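What follows is one structure encoded as C-alpha cells, with my remarks underneath.
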Amino acid sequence: EIADRDWSSDVCSSDLVEGKPECIHGARVWREGVSAKTGKAWGNYSCVEKSKATQCDPLWYVFTSDGTWKPQV
C-alpha cells in the first residue's frame, strides 16, 4: 500500500529531468507503480487537469536494469 511505502529510497523527480516538466495546465506530477498485468514498474509525469477529456498525455518513463528511470522513446 502506498501509505506504508518508504519514500526515502524513491527517485526524486529532480533526478529524472531538470525541474518538473509542465503542460498547459501547470507543473506535472510524478506517478509510479507496478503493472498488475506484466509485473513491471511504470512511471510517468501526469497532467494535473481533473477532467480526463482535457488532460494532456502523460510523459512515460521506463525503469532500466541499472535502477534508474529513463524517458520512454
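The values are calculated or read from the model by the stated rules, or taken from the named source; none is laboratory data. Note that this is a predicted model, so its numbers are computed, not measured. Glycine also receives a Cβ, built like all others from the backbone with ideal geometry; neighbour counts cover every protein chain displayed. Surface areas here come from the heavy atoms of the whole protein model, side chains and all, with no ligands, DNA or RNA. Shrake-Rupley method; radii C 1.70, N 1.55, O 1.52, S 1.80 Å.
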S46 fails exactly one of (1) of a type in the set (G, A, S); (2) open to solvent by 50 Å² or more (accessible area, probe 1.4 Å); (3) in contact (Cβ under 8 Å) with a residue 12 or more places away in the chain, namely (2)
Contact list, first residue from the stretch 59-73 and among the β-branched types (V, I, T), second anywhere and surrounded by 10 or more Cβ atoms within 10 Å (Cβ to Cβ) and in a loop (DSSP other than H, G, I, E, B), beta-carbon distance below 7 Å, six or more apart or interchain, is V62/Q72
Residue hits (the stretch 16-32; surrounded by 10 or more Cβ atoms within 10 Å (Cβ to Cβ) and of a type outside the set (A, V, I, L, M, F, W, C)) are K20, P21, E22, H25, G26, R28, R31, E32
Here the residues within the stretch 54-73 that are more than 18 Å from E22 (Cα to Cα) and either among the aliphatic types (A, V, I, L, M) or not in a strand (DSSP E or B) (or both) are V62, T64, S65, D66, G67, T68, V73
Taking the stretch 54-72 and keeping only residues that are farther than 17 Å from K40 by Cα and open to solvent by 100 Å² or more (accessible area, probe 1.4 Å), one is left with D57
Among the residues that make up the stretch 33-40, is at least one of them open to solvent by 90 Å² or more (accessible area, probe 1.4 Å) and touching a residue at least 12 places away in the same chain (Cβ under 8 Å)? yes
